[in-house]
1. Out of the range 161-200, which residues are in contact (Cβ under 8 Å) with a residue 60 or more places away in the chain and away from the ligand (no atom under 15 Å from the Cβ)?
2. What's the number of the condition G269 fails, among (1) within 16 Å of the ligand (Cβ to nearest atom); (2) in contact with a Lys or Arg (Cβ under 8 Å, 6 or more places away or on another chain)?
3. When the range 273-302 is examined, which residues are found to be free of Cβ contacts under 8 Å to residues at least 60 places away in the same chain and either farther than 15 Å from Y138 by Cβ or hydrophobic (A, V, I, L, M, F, W, C) (or both)?
4. Can you work out which of the residues in the range 366-385 that are within 23 Å of L320 (Cα to Cα) and not acidic (D, E) is surrounded by the most Cβ atoms within 10 Å (Cβ to Cβ)?
5. Please verify whether M146 is more than 17 Å from the chain's Cα centre (by Cα) and closer than 30 Å to M308 by Cα, treating the condition exactly as stated.
6. Restricting the search to the range 50-90, which residues are within 13 Å of the ligand (Cβ to nearest atom), of a type outside the set (F, W, Y) and under 25 Å from L150 (Cβ atoms)?
7. List the helices (runs of 4 or more DSSP H) that sit entirely inside the range 255-374 and contain at least 2 residues that are at pLDDT 95 or above and under 23 Å from A390 (Cβ atoms).
8. Among the listed residues V222, V185, which satisfies the condition of being buried (at least 19 other Cβ atoms within 10 Å of the Cβ), outside the structural domain of D93 (by TED's automatic domain parsing) and not in a loop (DSSP other than H, G, I, E, B)?
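The values are calculated or read from the model by the stated rules, or taken from the named source; none is laboratory data. Worth saying up front: this structure is predicted, and the values here are computed from it rather than measured. For neighbour counting, all protein chains shown are included, and Cβ atoms are generated from backbone atoms with ideal geometry for every residue, glycine included.
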Amino acid sequence: MKAEDLSRVLTLIRNHQARVGVVGLGYVGLPFALEAAQAGFQVTGIERNPARVAMVNRGENYIDDIREEDLQAAVQAGQLRAQVSFDGVEELDVVVIAVPTPLTRHLTPDLQYIVGVTEALSEHVRPGQLISLESTTYPGTTEEVMKPILEKSGLKAEEDFFLAHSPERVDPGNKRWKTKNTTKVVGGVGPRSLEVAQAFYGQIIEKVVPVSSAKAAELVKVFENTFRAVNIALVNEMALLCDRMGLDVWEVLDAAFTKPFGIMPFYPGPGVGGHCIPLDPHYLEWKAREYNFFTHFITLAGEINRKMPEFVREKAYRLLNQMGKAPSQSKVLLLGLAYKNDISDWRESPALEVAHLLQADGVEVHYHDPYIPDAQQAGLNLQSEPLNTALLEAMDLVIITTAHQTVDYAFVVKHARRVLDTRNATHGLKSDKVVLL
Ligand SMILES: NC(=O)c1ccc[n+]([C@@H]2O[C@H](COP(=O)([O-])OP(=O)(O)OC[C@H]3O[C@@H](n4cnc5c(N)ncnc54)[C@H](O)[C@@H]3O)[C@@H](O)[C@H]2O)c1
(Lines give C-alpha, C1' and ligand atoms only; values in the text may rest on other atoms or scores of the structure.)
Protein backbone atom coordinates (compact mmCIF):
# COMPACT_ATOMS: atom_id res chain seq x y z
CA MET A 1 0.00 0.00 0.00
CA LYS A 2 1.30 3.39 -0.91
CA ALA A 3 0.97 5.64 2.13
CA GLU A 4 -0.38 8.37 -0.16
CA ASP A 5 -3.34 6.14 -1.24
CA LEU A 6 -4.45 5.85 2.38
CA SER A 7 -3.93 9.51 3.24
CA ARG A 8 -5.51 10.62 -0.07
CA VAL A 9 -8.76 8.76 0.56
CA LEU A 10 -8.85 9.90 4.19
CA THR A 11 -8.42 13.51 3.10
CA LEU A 12 -11.11 13.19 0.43
CA ILE A 13 -13.47 11.71 3.01
CA ARG A 14 -12.76 14.37 5.63
CA ASN A 15 -13.23 17.15 3.05
CA HIS A 16 -16.43 15.50 1.79
CA GLN A 17 -14.87 15.38 -1.64
CA ALA A 18 -14.94 11.59 -1.81
CA ARG A 19 -17.32 10.36 -4.54
CA VAL A 20 -19.70 7.85 -3.02
CA GLY A 21 -21.58 5.02 -4.68
CA VAL A 22 -24.49 3.15 -3.10
CA VAL A 23 -25.41 -0.16 -4.73
CA GLY A 24 -29.07 -1.08 -4.14
CA LEU A 25 -31.47 1.80 -3.56
CA GLY A 26 -34.05 0.08 -1.35
CA TYR A 27 -35.19 0.56 2.25
CA VAL A 28 -31.57 0.73 3.37
CA GLY A 29 -29.69 2.10 0.37
CA LEU A 30 -31.84 5.08 -0.57
CA PRO A 31 -32.04 6.63 2.94
CA PHE A 32 -28.28 6.16 3.31
CA ALA A 33 -27.58 7.63 -0.14
CA LEU A 34 -29.70 10.65 0.77
CA GLU A 35 -27.99 11.02 4.14
CA ALA A 36 -24.55 10.92 2.46
CA ALA A 37 -25.71 13.50 -0.11
CA GLN A 38 -27.03 15.74 2.67
CA ALA A 39 -23.67 15.42 4.45
CA GLY A 40 -22.15 16.98 1.33
CA PHE A 41 -20.90 13.97 -0.61
CA GLN A 42 -21.48 13.52 -4.32
CA VAL A 43 -23.52 10.31 -4.44
CA THR A 44 -24.24 7.91 -7.30
CA GLY A 45 -26.84 5.24 -6.69
CA ILE A 46 -26.46 2.01 -8.65
CA GLU A 47 -29.78 0.25 -8.83
CA ARG A 48 -30.71 -2.56 -11.18
CA ASN A 49 -34.40 -1.61 -11.25
CA PRO A 50 -34.68 1.02 -14.02
CA ALA A 51 -38.02 2.29 -12.70
CA ARG A 52 -36.38 3.14 -9.36
CA VAL A 53 -33.45 4.79 -11.13
CA ALA A 54 -35.82 6.96 -13.17
CA MET A 55 -37.77 7.93 -10.04
CA VAL A 56 -34.66 8.91 -8.11
CA ASN A 57 -33.41 11.01 -11.00
CA ARG A 58 -36.78 12.81 -11.09
CA GLY A 59 -36.60 13.33 -7.33
CA GLU A 60 -39.59 11.06 -6.77
CA ASN A 61 -39.64 9.05 -3.58
CA TYR A 62 -40.71 5.42 -3.11
CA ILE A 63 -39.45 4.68 0.43
CA ASP A 64 -41.77 5.46 3.38
CA ASP A 65 -39.16 7.03 5.66
CA ILE A 66 -37.89 9.58 3.14
CA ARG A 67 -39.42 13.02 2.69
CA GLU A 68 -39.84 13.63 -1.02
CA GLU A 69 -38.77 17.26 -0.70
CA ASP A 70 -35.43 16.15 0.77
CA LEU A 71 -34.85 13.73 -2.10
CA GLN A 72 -35.85 16.38 -4.62
CA ALA A 73 -33.52 18.95 -3.06
CA ALA A 74 -30.56 16.54 -3.16
CA VAL A 75 -31.25 15.60 -6.79
CA GLN A 76 -31.78 19.20 -7.89
CA ALA A 77 -28.59 20.28 -6.15
CA GLY A 78 -26.74 17.62 -8.15
CA GLN A 79 -25.69 15.77 -4.97
CA LEU A 80 -27.54 12.56 -5.80
CA ARG A 81 -28.17 10.70 -9.03
CA ALA A 82 -28.83 7.10 -9.97
CA GLN A 83 -27.88 4.72 -12.75
CA VAL A 84 -28.47 1.09 -13.66
CA SER A 85 -24.97 0.15 -14.75
CA PHE A 86 -21.65 -0.14 -12.96
CA ASP A 87 -20.03 2.16 -15.54
CA GLY A 88 -17.71 4.67 -13.95
CA VAL A 89 -17.49 2.83 -10.61
CA GLU A 90 -13.71 3.13 -10.81
CA GLU A 91 -14.21 6.90 -10.38
CA LEU A 92 -15.81 6.38 -6.98
CA ASP A 93 -13.81 6.56 -3.76
CA VAL A 94 -16.33 4.72 -1.58
CA VAL A 95 -18.84 2.05 -2.58
CA VAL A 96 -21.53 1.00 -0.11
CA ILE A 97 -23.53 -2.16 -0.83
CA ALA A 98 -27.12 -2.55 0.39
CA VAL A 99 -28.61 -5.38 -1.64
CA PRO A 100 -31.03 -8.06 -0.39
CA THR A 101 -29.91 -11.13 1.56
CA PRO A 102 -32.87 -13.52 1.34
CA LEU A 103 -33.09 -17.17 2.30
CA THR A 104 -33.46 -20.09 -0.06
CA ARG A 105 -36.56 -22.28 0.17
CA HIS A 106 -34.60 -24.45 2.60
CA LEU A 107 -33.84 -21.54 4.92
CA THR A 108 -30.17 -21.30 3.96
CA PRO A 109 -28.38 -18.04 2.99
CA ASP A 110 -28.92 -16.87 -0.57
CA LEU A 111 -25.91 -14.67 -1.37
CA GLN A 112 -26.66 -14.30 -5.08
CA TYR A 113 -27.11 -10.50 -4.81
CA ILE A 114 -23.93 -9.92 -2.80
CA VAL A 115 -21.93 -12.22 -5.07
CA GLY A 116 -23.37 -10.64 -8.24
CA VAL A 117 -22.55 -7.11 -7.08
CA THR A 118 -19.07 -8.11 -5.87
CA GLU A 119 -18.29 -9.72 -9.22
CA ALA A 120 -19.39 -6.56 -11.00
CA LEU A 121 -17.28 -4.46 -8.63
CA SER A 122 -14.20 -6.66 -9.15
CA GLU A 123 -14.03 -5.31 -12.69
CA HIS A 124 -13.86 -1.71 -11.44
CA VAL A 125 -12.05 -1.82 -8.10
CA ARG A 126 -9.00 0.41 -7.98
CA PRO A 127 -6.28 1.31 -5.48
CA GLY A 128 -7.45 3.48 -2.61
CA GLN A 129 -11.13 2.57 -2.96
CA LEU A 130 -13.26 1.62 0.07
CA ILE A 131 -15.93 -1.05 -0.39
CA SER A 132 -18.33 -1.46 2.50
CA LEU A 133 -21.04 -4.10 2.79
CA GLU A 134 -24.15 -3.07 4.73
CA SER A 135 -26.39 -6.02 3.90
CA THR A 136 -27.16 -8.27 6.84
CA THR A 137 -25.33 -11.56 6.55
CA TYR A 138 -23.46 -14.30 8.42
CA PRO A 139 -20.01 -13.68 9.95
CA GLY A 140 -17.42 -14.30 7.27
CA THR A 141 -19.26 -13.05 4.18
CA THR A 142 -17.10 -9.95 3.67
CA GLU A 143 -13.82 -11.74 4.25
CA GLU A 144 -14.50 -15.23 2.92
CA VAL A 145 -16.86 -14.49 0.03
CA MET A 146 -16.33 -10.89 -1.10
CA LYS A 147 -12.57 -10.51 -0.56
CA PRO A 148 -11.50 -13.41 -2.87
CA ILE A 149 -13.86 -12.20 -5.61
CA LEU A 150 -12.52 -8.63 -5.41
CA GLU A 151 -8.94 -9.87 -5.33
CA LYS A 152 -9.48 -11.56 -8.71
CA SER A 153 -8.81 -8.05 -9.98
CA GLY A 154 -5.18 -8.53 -9.02
CA LEU A 155 -5.49 -5.97 -6.21
CA LYS A 156 -5.23 -6.97 -2.55
CA ALA A 157 -7.52 -5.91 0.27
CA GLU A 158 -5.69 -3.80 2.87
CA GLU A 159 -2.72 -3.43 0.54
CA ASP A 160 -4.48 -1.83 -2.42
CA PHE A 161 -8.12 -1.28 -1.53
CA PHE A 162 -10.15 -1.24 1.69
CA LEU A 163 -12.95 -3.62 2.59
CA ALA A 164 -15.32 -3.31 5.52
CA HIS A 165 -18.64 -4.40 6.92
CA SER A 166 -20.99 -1.92 8.54
CA PRO A 167 -24.41 -3.41 9.21
CA GLU A 168 -27.41 -1.22 8.61
CA ARG A 169 -29.78 -0.97 11.57
CA VAL A 170 -32.56 1.16 10.12
CA ASP A 171 -36.00 0.50 11.60
CA PRO A 172 -38.55 1.44 8.92
CA GLY A 173 -41.35 3.63 10.25
CA ASN A 174 -39.42 4.60 13.37
CA LYS A 175 -39.96 8.33 13.86
CA ARG A 176 -37.15 8.79 16.37
CA TRP A 177 -34.31 6.58 15.20
CA LYS A 178 -33.24 7.24 11.62
CA THR A 179 -30.14 6.43 9.57
CA LYS A 180 -28.25 9.46 10.90
CA ASN A 181 -28.84 9.12 14.63
CA THR A 182 -28.63 5.32 14.88
CA THR A 183 -25.15 4.35 16.10
CA LYS A 184 -23.26 2.49 13.39
CA VAL A 185 -20.93 -0.44 13.98
CA VAL A 186 -17.94 -0.81 11.66
CA GLY A 187 -15.40 -3.61 11.20
CA GLY A 188 -12.69 -3.90 8.56
CA VAL A 189 -10.86 -6.87 7.07
CA GLY A 190 -7.77 -5.19 8.55
CA PRO A 191 -6.80 -2.03 10.46
CA ARG A 192 -6.51 0.20 7.38
CA SER A 193 -9.92 -0.78 6.12
CA LEU A 194 -11.34 -0.05 9.56
CA GLU A 195 -9.65 3.35 9.69
CA VAL A 196 -11.05 4.40 6.30
CA ALA A 197 -14.53 3.01 6.95
CA GLN A 198 -14.68 4.63 10.38
CA ALA A 199 -13.62 7.96 8.89
CA PHE A 200 -16.26 7.67 6.17
CA TYR A 201 -19.23 6.74 8.36
CA GLY A 202 -18.14 9.30 10.95
CA GLN A 203 -18.91 12.06 8.42
CA ILE A 204 -22.49 10.88 7.97
CA ILE A 205 -23.64 9.06 11.10
CA GLU A 206 -23.68 10.72 14.53
CA LYS A 207 -21.87 7.92 16.35
CA VAL A 208 -19.68 5.15 14.95
CA VAL A 209 -18.49 2.18 17.02
CA PRO A 210 -15.48 0.27 15.69
CA VAL A 211 -15.06 -3.47 16.25
CA SER A 212 -11.96 -5.55 15.60
CA SER A 213 -13.03 -7.31 12.39
CA ALA A 214 -15.61 -7.43 9.61
CA LYS A 215 -16.71 -10.80 11.04
CA ALA A 216 -17.42 -9.26 14.45
CA ALA A 217 -19.47 -6.49 12.78
CA GLU A 218 -21.46 -9.11 10.86
CA LEU A 219 -22.16 -11.04 14.05
CA VAL A 220 -23.26 -7.87 15.89
CA LYS A 221 -26.12 -7.41 13.44
CA VAL A 222 -27.29 -11.03 13.29
CA PHE A 223 -27.10 -11.20 17.08
CA GLU A 224 -29.30 -8.09 17.37
CA ASN A 225 -31.96 -9.58 15.15
CA THR A 226 -31.66 -12.97 16.84
CA PHE A 227 -32.20 -11.21 20.17
CA ARG A 228 -35.46 -9.79 18.83
CA ALA A 229 -36.58 -13.06 17.24
CA VAL A 230 -35.96 -15.00 20.46
CA ASN A 231 -37.71 -12.46 22.69
CA ILE A 232 -40.68 -12.20 20.35
CA ALA A 233 -40.88 -16.00 20.36
CA LEU A 234 -40.85 -15.95 24.15
CA VAL A 235 -43.84 -13.59 24.37
CA ASN A 236 -45.58 -15.50 21.58
CA GLU A 237 -45.17 -18.67 23.62
CA MET A 238 -46.61 -16.79 26.63
CA ALA A 239 -49.59 -15.87 24.44
CA LEU A 240 -50.14 -19.54 23.57
CA LEU A 241 -49.94 -20.51 27.24
CA CYS A 242 -52.22 -17.66 28.36
CA ASP A 243 -54.78 -18.81 25.79
CA ARG A 244 -54.82 -22.25 27.45
CA MET A 245 -54.91 -20.76 30.94
CA GLY A 246 -57.64 -18.28 30.13
CA LEU A 247 -55.37 -15.35 30.99
CA ASP A 248 -54.93 -12.09 29.08
CA VAL A 249 -51.30 -12.07 27.87
CA TRP A 250 -51.41 -8.33 27.22
CA GLU A 251 -52.41 -7.58 30.79
CA VAL A 252 -49.65 -9.86 32.09
CA LEU A 253 -46.98 -8.33 29.84
CA ASP A 254 -48.03 -4.72 30.48
CA ALA A 255 -47.80 -5.36 34.20
CA ALA A 256 -44.45 -7.17 33.82
CA PHE A 257 -43.01 -4.27 31.85
CA THR A 258 -43.68 -1.83 34.68
CA LYS A 259 -40.57 -3.29 36.33
CA PRO A 260 -37.97 -0.58 35.84
CA PHE A 261 -35.01 -2.93 35.41
CA GLY A 262 -34.13 -6.41 34.18
CA ILE A 263 -36.87 -6.61 31.55
CA MET A 264 -37.74 -4.90 28.28
CA PRO A 265 -40.94 -4.80 26.28
CA PHE A 266 -41.65 -7.25 23.47
CA TYR A 267 -45.16 -8.06 22.30
CA PRO A 268 -46.80 -11.10 20.77
CA GLY A 269 -48.54 -11.02 17.40
CA PRO A 270 -49.59 -13.10 14.40
CA GLY A 271 -45.95 -13.96 13.64
CA VAL A 272 -42.85 -12.06 12.60
CA GLY A 273 -42.36 -10.37 9.25
CA GLY A 274 -40.14 -8.06 7.27
CA HIS A 275 -36.83 -8.63 5.64
CA CYS A 276 -34.88 -9.08 8.88
CA ILE A 277 -36.24 -10.87 11.94
CA PRO A 278 -37.61 -13.97 10.17
CA LEU A 279 -34.51 -14.34 7.98
CA ASP A 280 -31.30 -13.13 9.59
CA PRO A 281 -31.05 -15.61 12.50
CA HIS A 282 -31.07 -18.44 9.95
CA TYR A 283 -27.92 -16.98 8.40
CA LEU A 284 -26.19 -17.48 11.73
CA GLU A 285 -27.77 -20.89 12.27
CA TRP A 286 -26.37 -22.03 8.92
CA LYS A 287 -22.88 -20.67 9.55
CA ALA A 288 -22.74 -22.16 13.05
CA ARG A 289 -23.04 -25.67 11.58
CA GLU A 290 -19.64 -25.19 9.93
CA TYR A 291 -18.29 -25.15 13.50
CA ASN A 292 -20.33 -28.23 14.50
CA PHE A 293 -22.47 -25.89 16.60
CA PHE A 294 -26.25 -25.88 16.85
CA THR A 295 -28.00 -22.63 17.68
CA HIS A 296 -30.96 -24.06 19.60
CA PHE A 297 -32.54 -20.71 20.49
CA ILE A 298 -32.69 -19.69 16.83
CA THR A 299 -34.31 -22.95 15.77
CA LEU A 300 -36.84 -22.80 18.59
CA ALA A 301 -37.68 -19.14 18.05
CA GLY A 302 -38.16 -19.73 14.33
CA GLU A 303 -40.44 -22.66 15.04
CA ILE A 304 -42.66 -20.74 17.49
CA ASN A 305 -42.83 -17.56 15.42
CA ARG A 306 -43.60 -19.42 12.19
CA LYS A 307 -46.48 -21.25 13.86
CA MET A 308 -48.27 -18.07 15.02
CA PRO A 309 -50.35 -17.61 11.82
CA GLU A 310 -51.73 -21.13 12.43
CA PHE A 311 -52.68 -20.12 15.96
CA VAL A 312 -54.49 -17.06 14.58
CA ARG A 313 -56.40 -19.37 12.23
CA GLU A 314 -57.31 -21.68 15.11
CA LYS A 315 -58.53 -18.81 17.26
CA ALA A 316 -60.49 -17.32 14.35
CA TYR A 317 -62.24 -20.64 13.73
CA ARG A 318 -63.14 -20.91 17.41
CA LEU A 319 -64.86 -17.53 17.16
CA LEU A 320 -66.62 -18.43 13.91
CA ASN A 321 -67.75 -21.69 15.48
CA GLN A 322 -69.25 -19.79 18.43
CA MET A 323 -71.23 -17.82 15.84
CA GLY A 324 -72.42 -21.05 14.19
CA LYS A 325 -70.35 -20.35 11.09
CA ALA A 326 -68.27 -22.85 9.16
CA PRO A 327 -65.02 -21.30 7.91
CA SER A 328 -65.92 -22.20 4.32
CA GLN A 329 -69.09 -20.13 4.64
CA SER A 330 -67.48 -17.16 6.35
CA LYS A 331 -66.27 -13.75 5.33
CA VAL A 332 -63.22 -12.46 7.14
CA LEU A 333 -61.64 -9.03 6.90
CA LEU A 334 -57.92 -8.81 7.58
CA LEU A 335 -57.14 -5.37 8.91
CA GLY A 336 -53.54 -4.67 7.90
CA LEU A 337 -51.30 -6.61 5.52
CA ALA A 338 -47.99 -4.86 6.24
CA TYR A 339 -45.64 -6.74 8.54
CA LYS A 340 -45.74 -3.91 11.06
CA ASN A 341 -47.65 -0.71 11.70
CA ASP A 342 -47.50 2.46 9.63
CA ILE A 343 -45.40 1.14 6.75
CA SER A 344 -46.16 -0.42 3.37
CA ASP A 345 -43.65 -3.31 3.52
CA TRP A 346 -45.46 -6.66 3.20
CA ARG A 347 -42.39 -8.85 2.81
CA GLU A 348 -42.68 -12.01 4.96
CA SER A 349 -45.75 -10.45 6.58
CA PRO A 350 -47.58 -12.94 8.81
CA ALA A 351 -50.87 -11.37 7.66
CA LEU A 352 -50.24 -12.87 4.21
CA GLU A 353 -49.74 -16.29 5.74
CA VAL A 354 -52.99 -15.91 7.69
CA ALA A 355 -54.75 -14.93 4.45
CA HIS A 356 -53.39 -17.98 2.61
CA LEU A 357 -54.32 -20.34 5.46
CA LEU A 358 -57.89 -19.00 5.57
CA GLN A 359 -58.29 -19.06 1.80
CA ALA A 360 -57.07 -22.68 1.71
CA ASP A 361 -60.05 -23.58 3.91
CA GLY A 362 -62.50 -21.75 1.69
CA VAL A 363 -62.86 -18.57 3.79
CA GLU A 364 -63.80 -15.50 1.74
CA VAL A 365 -60.92 -13.19 2.65
CA HIS A 366 -61.06 -9.41 2.28
CA TYR A 367 -58.55 -6.87 3.48
CA HIS A 368 -58.04 -3.23 4.26
CA ASP A 369 -54.61 -1.67 4.48
CA PRO A 370 -54.20 2.09 3.98
CA TYR A 371 -50.59 1.53 2.89
CA ILE A 372 -51.11 -1.39 0.49
CA PRO A 373 -53.86 -0.66 -2.06
CA ASP A 374 -53.22 -3.79 -4.09
CA ALA A 375 -51.93 -7.17 -2.88
CA GLN A 376 -51.10 -8.74 -6.26
CA GLN A 377 -47.39 -8.28 -5.78
CA ALA A 378 -47.65 -9.81 -2.34
CA GLY A 379 -49.16 -12.95 -3.88
CA LEU A 380 -52.82 -12.33 -2.98
CA ASN A 381 -55.38 -11.73 -5.66
CA LEU A 382 -57.05 -9.00 -3.63
CA GLN A 383 -57.36 -5.24 -3.34
CA SER A 384 -57.71 -3.13 -0.24
CA GLU A 385 -61.36 -2.27 0.36
CA PRO A 386 -62.55 1.00 1.90
CA LEU A 387 -63.06 0.63 5.63
CA ASN A 388 -66.70 1.64 5.97
CA THR A 389 -69.82 0.51 7.79
CA ALA A 390 -71.01 -1.62 4.86
CA LEU A 391 -67.75 -3.58 4.69
CA LEU A 392 -67.56 -4.14 8.45
CA GLU A 393 -71.19 -5.22 8.70
CA ALA A 394 -70.80 -7.64 5.79
CA MET A 395 -67.96 -9.51 7.52
CA ASP A 396 -68.39 -12.34 10.01
CA LEU A 397 -65.08 -11.59 11.62
CA VAL A 398 -62.45 -8.86 11.53
CA ILE A 399 -58.90 -9.93 12.33
CA ILE A 400 -56.57 -7.05 13.22
CA THR A 401 -53.28 -8.27 11.80
CA THR A 402 -51.37 -4.95 11.72
CA ALA A 403 -51.99 -2.07 14.12
CA HIS A 404 -51.75 0.88 11.71
CA GLN A 405 -52.26 4.04 13.75
CA THR A 406 -54.39 5.73 11.11
CA VAL A 407 -57.19 3.17 11.50
CA ASP A 408 -60.13 4.19 13.72
CA TYR A 409 -60.41 1.10 15.92
CA ALA A 410 -63.42 2.46 17.86
CA PHE A 411 -65.25 2.65 14.51
CA VAL A 412 -64.16 -0.90 13.65
CA VAL A 413 -65.32 -2.30 16.98
CA LYS A 414 -68.61 -0.41 16.75
CA HIS A 415 -69.57 -1.83 13.34
CA ALA A 416 -67.88 -5.25 13.25
CA ARG A 417 -69.71 -8.36 14.40
CA ARG A 418 -66.65 -9.89 16.01
CA VAL A 419 -63.03 -8.79 16.24
CA LEU A 420 -59.94 -10.93 16.78
CA ASP A 421 -57.23 -8.48 17.74
CA THR A 422 -53.76 -9.99 17.35
CA ARG A 423 -51.99 -6.69 18.14
CA ASN A 424 -53.90 -5.22 21.06
CA ALA A 425 -54.81 -2.32 18.77
CA THR A 426 -58.19 -2.03 20.52
CA HIS A 427 -56.46 -1.43 23.85
CA GLY A 428 -58.75 0.66 26.05
CA LEU A 429 -61.89 -0.03 24.01
CA LYS A 430 -64.08 -2.16 26.21
CA SER A 431 -66.29 -4.45 24.12
CA ASP A 432 -67.51 -8.03 24.36
CA LYS A 433 -67.07 -8.26 20.59
CA VAL A 434 -63.28 -8.16 20.88
CA VAL A 435 -61.11 -11.17 21.58
CA LEU A 436 -57.39 -10.62 21.98
CA LEU A 437 -54.69 -12.98 20.69
N1 LIG B 1 -35.37 -3.15 5.40
C2 LIG B 1 -34.85 -3.09 6.60
O3 LIG B 1 -35.52 -2.71 7.55
C4 LIG B 1 -33.41 -3.45 6.86
C5 LIG B 1 -32.82 -3.00 8.04
C6 LIG B 1 -31.50 -3.31 8.28
C7 LIG B 1 -30.79 -4.10 7.37
N8 LIG B 1 -31.41 -4.55 6.24
C9 LIG B 1 -30.62 -5.34 5.32
O10 LIG B 1 -30.17 -4.51 4.27
C11 LIG B 1 -30.11 -5.22 3.04
C12 LIG B 1 -30.97 -4.54 2.00
O13 LIG B 1 -32.31 -4.58 2.45
P14 LIG B 1 -33.44 -3.63 1.88
O15 LIG B 1 -34.61 -3.79 2.79
O16 LIG B 1 -32.90 -2.28 1.63
O17 LIG B 1 -33.73 -4.36 0.48
P18 LIG B 1 -34.61 -3.76 -0.73
O19 LIG B 1 -35.12 -4.93 -1.46
O20 LIG B 1 -35.56 -2.73 -0.21
O21 LIG B 1 -33.54 -3.01 -1.61
C22 LIG B 1 -32.51 -3.66 -2.27
C23 LIG B 1 -32.33 -2.98 -3.61
O24 LIG B 1 -31.19 -3.56 -4.24
C25 LIG B 1 -31.46 -3.63 -5.63
N26 LIG B 1 -30.55 -4.62 -6.22
C27 LIG B 1 -30.58 -5.97 -6.13
N28 LIG B 1 -29.56 -6.50 -6.83
C29 LIG B 1 -28.87 -5.47 -7.36
C30 LIG B 1 -27.73 -5.39 -8.18
N31 LIG B 1 -27.09 -6.49 -8.59
N32 LIG B 1 -27.30 -4.18 -8.55
C33 LIG B 1 -27.95 -3.05 -8.14
N34 LIG B 1 -29.04 -3.08 -7.37
C35 LIG B 1 -29.50 -4.27 -6.97
C36 LIG B 1 -32.92 -4.03 -5.68
O37 LIG B 1 -33.49 -3.75 -6.94
C38 LIG B 1 -33.50 -3.16 -4.56
O39 LIG B 1 -33.93 -1.90 -5.02
C40 LIG B 1 -30.55 -6.65 3.37
O41 LIG B 1 -29.42 -7.40 3.67
C42 LIG B 1 -31.36 -6.47 4.63
O43 LIG B 1 -31.40 -7.63 5.43
C44 LIG B 1 -32.69 -4.21 5.96
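1. F162, R192, S193, E195, V196, A197, A199, F200
2. (1)
3. Correct list: I277, A288, N292, F293, F294, H296, T299.
4. Among them, the one singled out is Y367.
5. So M146 fails the test.
6. Selection gives V53, A82, Q83, V84, S85, D87, V89.
7. Values: elements: 280-289, 296-322, 350-360.
The qualifying helices (runs of 4 or more DSSP H) are 296-322, 350-360.
8. V222
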